[in-house]
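One structure below.
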Amino acid sequence: MTQTGPKLTTTRGVVGWALYDWANSPFTTLVVTFVFSVYFSLGIVGDEIRGTQLWGNAVSISALIIAVLAPILGAISDAGGPRKPWLLGFTALCVVGSALLWGAGPEERFIAWALIWFVIANVGFEFGVVFNNAMLPDLVPQARLGRWSGWAWGLGYIGGLAAIVVALVAFVQADQPLFGLDKDLQEHVRIVGPLAALWLAVFAIPLFLWTPDRPRTGTPLARQISGGLRSLSTTLGHLRSQSNIVQFLIARMLYTDGLITIFAMGGLFAAGTFGMEIEQVLIFGIVLNLTAGLGAAGFGWIDDWIGPKRTLLISVAGLLITASGAVLAPTTTWFWVFGSALGVFVGPAQAASRSMMARLAPAAHRTEFFGIYALTGKATAFMGPALVASITVATNSQRWGLSITLVFFLVGGVLLLGVREDVATPTP
């Protein structure tokens, strides 16, 4: 079965695709990393060590769900044709889950509510990323994959930055938050869930209106499922003989584990180790998103110039150096220095990984391969937060807990050295 999408679509179509990164990034910045996670730990649980453990476990559970289901749903999508219906469904799941975080009041009895809806929202977010990623190679020529992937990531970080500014000015630091929100009930902080939901719902609209999708195959749903599963089985069988792409996926799995762990635990680390208040964590998030956006956009050109592999090697080396500095920082000032510099390499590592996969994946099975890509990004992603949680509790030190990210970056970078970017994966 050969499925290809509309090549070289209009600029408006590609911009609509890129705006999805702008739309979904506030969920990462406001909920996962900088605000709600800190509020959960300090405001709901009331103990940064136990809060880190519970939040890490929730991230791990959602990662495990994604790891199991992403390749299967990707294969079924490839058999059916269009990706937008899947993207719409998972976007709606993230919107609903994020909005319902509003109900998590500052008491321990809301722990379960917060964790359940966070897991649901995070699953919706991550599956949305899978289907959005798979659309890119159908929209732009290969020679421009790097820059569009980088520009979209950069746009995403700027979107996260804008959302943080809105949250900070209108709610978190405002003497009188908008809509008369009650600070005693932490409503000015809990509002970030509905804010992320509204942002995603509104700014995802251009993709669904402007960006073309693949045509329907006309295959009944039952046959889509059976055909998708057979195709996935065939692809996994072929992967055994595709050592190059397997090595890339394993390398990417490891350094992505490091990134996921930093995103999930970075705000908790800043609050617990350096005593930063939510307002300070938000300002740090603004700086980090600014440097990450600049890095992603700038390295997009470099990706198309020197190739995604070299771009990735530079990025992973930069992550290892700056993360080491942030984890070992003796003062808050040094944490700011290294943490801000880390952002420069975060965006390129993600964007160049996407463009590398887009180059290696066969056109007829692209969503399926991006499902496997998501699998390798999540298969062990539960380990990072879980290890941070366990080590933090065992040592009573967030520094020791977060230091596991350094191992992920180091081993992932070493494995990446042996990957060839000019070896295309044949169609199964």
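Angle between the Cα long axis of helix 308-328 and the longest principal axis of the chain, 0 to 90 degrees, nearest 10?
20
To one decimal place, what orientation-averaged projected area in nm² is obtained for the convex hull of the Cα set of the chain?
Values: hull surface 74.6 nm².
Average of the hull's projected areas for the chain equals 18.7 nm².
State the extension gain, in nm to one decimal, for the chain segment bounded by ALA317 and TRP334, taking 0.36 nm per residue of separation less the distance between their alpha-carbons.
Separation in residues times 0.36 nm, less the Cα-Cα distance, equals 4.2 nm.
Tell me, what ³J(HN,Hα) does each residue in the stretch 392-407 have, in order and in whole Hz, if you take phi through Karplus 6.51 cos²θ - 1.76 cosθ + 1.60 with θ = phi - 60° and put x for Gly and Pro?
Along the stretch 392-407, the couplings run 4, 5, 5, 9, 6, 9, 6, 4, 5, x, 6, 5, 4, 4, 5, 5 Hz.
To the nearest 20 Debye, how big is the dipole of the chain about its Cα centre, given +1 on the beta carbon of each Lys and Arg and -1 on that of each Asp and Glu? Don't skip to the answer; put the middle values down first.
Values: 24 positive and 21 negative charges, 309 e Å.
Roughly 1480 debye for the chain.
Once you put a point 7 Å from the Cα of ASP184 and another 7 Å from the Cα of GLN247, both along the Cβ direction, what distance in nm separates them?
Those two pseudo-labels are separated by 6.4 nm.
Rounding to the nearest 10 and keeping the result within 0 to 90°, find how far the Cα-based axis of helix 145-167 lies from the longest principal axis of the chain.
20
Using Cα atoms only, what is the angle between the long axis of helix 84-99 and the major principal axis of the chain, expressed in degrees (0 to 90) to the nearest 10?
10
Based on other C-beta atoms within 10 Å, arrange PHE179, PHE40 from fewest to most.
If I rank by nearby Cβ atoms, fewest first, I get PHE179, PHE40.
If I model a spin label at SER397 and ARG310 as a point 7 Å from the Cα along the Cα→Cβ vector, what separation in nanometres do I get?
The two pseudo-label positions are separated by 4.0 nm.
With the Cα gyration tensor of the stretch 6-110 in hand, convert its eigenvalues to equivalent ellipsoid semi-axes via √(5λ) and list them largest first in whole Å. Spell out each step's value before the answer.
Numbers: eigenvalues 221, 59, 27 Å².
Listed largest to smallest, the semi-axes of the stretch 6-110 are 33, 17, 12 Å.
Would you order ASP47, ASP182, ASP175, ASP21 from fewest to most other beta-carbon atoms within 10 Å of each residue's own beta-carbon? Could the numbers behind the result be given before it?
On the way: ASP47 13, ASP182 10, ASP175 5, ASP21 27.
Final ranking by Cβ density, sparse to dense: ASP175, ASP182, ASP47, ASP21.
Among ARG420, ARG214, ARG354, what is the fewest-to-most ranking by other Cβ atoms within 10 Å? Could the numbers behind the result be given before it?
Values: ARG420 12, ARG214 21, ARG354 27.
By the 10 Å Cβ count, ascending: ARG420, ARG214, ARG354.
Estimate the FRET efficiency between ALA92 and ALA112 by the formula 1/(1 + (r/R0)^6), using the beta-carbon distance for r and 25 Å for R0, to the nearest 0.05. Write down the numbers at each step before the final one.
On the way: r = 23 Å, r/R0 = 0.91.
Rounded to the nearest 0.05, the efficiency is 0.65.
Run lengths n ≥ 4 of DSSP H only: what is the helix-derived mean residue ellipticity at 222 nm for the chain, with -39500 (n - 2.57) per run over all residues, to the nearest 500? Let's see the in-between values first.
Working: 18 runs with 313 residues, N = 428.
Taken over the chain, the calculation gives -24500 deg cm²/dmol.
Bear in mind these aren't lab numbers, they're just calculated from the coordinates by the rules spelled out. In this text, all values refer to a predicted model and were calculated from it rather than measured experimentally. Positions of Cβ are backbone-derived with ideal geometry, glycine not excepted, and every protein chain shown enters the neighbour counts.
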